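What follows is a set of notes on a single structure, which appears directly below.
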Amino acid sequence: MGKVSIGLRGWRFDEEDIFTDAGGWRPLEEIPQEPRHRLVRLQVVMNKPCDACYLIHGDEEIQRCRVASIVYGEPLDEVLLCDEHEADFLFWFRERGGSTIAGEETFRDAFHEWFDDGGRAPDGYGGMDHVEEAPEELPDLRDPETLYEDDDLLADERPDFDDAAAADEGDAEGDNEGNEADAVDDGDLDVDDLDLDREYPS
Ligand SMILES: [Zn+2]
């Protein structure tokens, strides 16, 4: 079995961790902790604005933010990005020290600070190949609060699009789907080039 992303690109899941042999979702309790935390966190971070867009536009112009399509980092300290701003994040991660603080609490804030200070990737800076996206739909997590009372994984401190904007974003997402066809098929991935076990770019 291979690696897939769910809903958002960036975080990768071992298919065998999350799917049964029959192809259905495993019960949440059977999923190993790391992927389980990411699955639960995805409930909150899907359909949220890109962090970089939000730094530019803020609440007043939240309709101008693009909906995030990519997530990096640890649950609760994750960075959400749209296609356009992914390059800025990757540049920061690879060339401006981001990778040295991966997993630390300052990770997201450090990227935000750099970006807010005008940090940007050079024109044409390369992105990365993502694994194929799997189901758009999250599993039905029966009452995850009972499992995560202490962890706060469902804490929703992120800004929300208002309803009208959310409808627009739904359309935009549909438009983006054509691009997903360009995503590298899992079978063609050069595993030497990708650190497949981490939820960070290589
Ligand atoms: Zn953006």
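Some observations on this one:
- Among the residues of region 1-38, just one is under 17 Å from Ala155 (Cβ atoms) and within 11 Å of the chain's Cα centre (by Cα), namely Arg38.
- Residue check, Gly23 surrounded by fewer than 15 Cβ atoms within 10 Å (Cβ to Cβ), more than 14 Å from the ligand (Cβ to nearest atom) and under 22 Å from Lys3 (Cα atoms): yes
- Scanning region 55-66 for residues that are touching a helix residue (DSSP H, G or I) at 6+ places or on another chain (Cβ under 7 Å) and within 8 Å of the ligand (Cβ to nearest atom) yields Cys65, Arg66.
- Candidate set: region 79-93, residues that are more than 10 Å from the ligand (Cβ to nearest atom), crowded, with 20+ Cβ neighbours inside 10 Å and free of Cβ contacts under 8 Å to residues at least 40 places away in the same chain; chosen: the one nearest to Met46 (Cα to Cα): Val79
- Just one of (1) within 14 Å of the ligand (Cβ to nearest atom); (2) of a type outside the set (Ser, Thr, Tyr); (3) in contact with a strand residue (DSSP E or B) (Cβ under 8 Å, 6 or more places away or on another chain) fails for Leu39. It is (1).
- The residues in region 29-69 that are touching a Gly at 6+ places or on another chain (Cβ under 8 Å) and modelled with pLDDT of 95 or more can be counted, and the count is 0.
- Residue in region 1-15 that is within 16 Å of the ligand (Cβ to nearest atom), touching a strand residue (DSSP E or B) at 6+ places or on another chain (Cβ under 7 Å) and among the hydroxyl-bearing types (Ser, Thr, Tyr) present: no
- Long-range neighbours under 8 Å by Cβ, at least six apart or interchain, first residue at positive phi within region 6-17, second assigned to a strand (DSSP E or B) and among the aromatic types (Phe, Trp, Tyr): Gly10/Tyr72
- Pro75 meets the stated requirement of being more than 16 Å from the ligand (Cβ to nearest atom) and crowded, with 19+ Cβ neighbours inside 10 Å.
Listed here are the residues, each with its yes/no results for (1) surrounded by fewer than 19 Cβ atoms within 10 Å (Cβ to Cβ); (2) away from the ligand (no atom under 15 Å from the Cβ).
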| position | (1), (2) |
| --- | --- |
| Lys48 | no, no |
| Glu95 | yes, yes |
| Asp109 | yes, yes |
| Glu113 | yes, yes |
| Gly119 | yes, no |
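The values are calculated or read from the model by the stated rules, or taken from the named source; none is laboratory data. Just so you know, these numbers come straight off a predicted model, no measurement behind them. Virtual Cβ from ideal backbone geometry, glycine too; neighbours counted across all protein chains shown.
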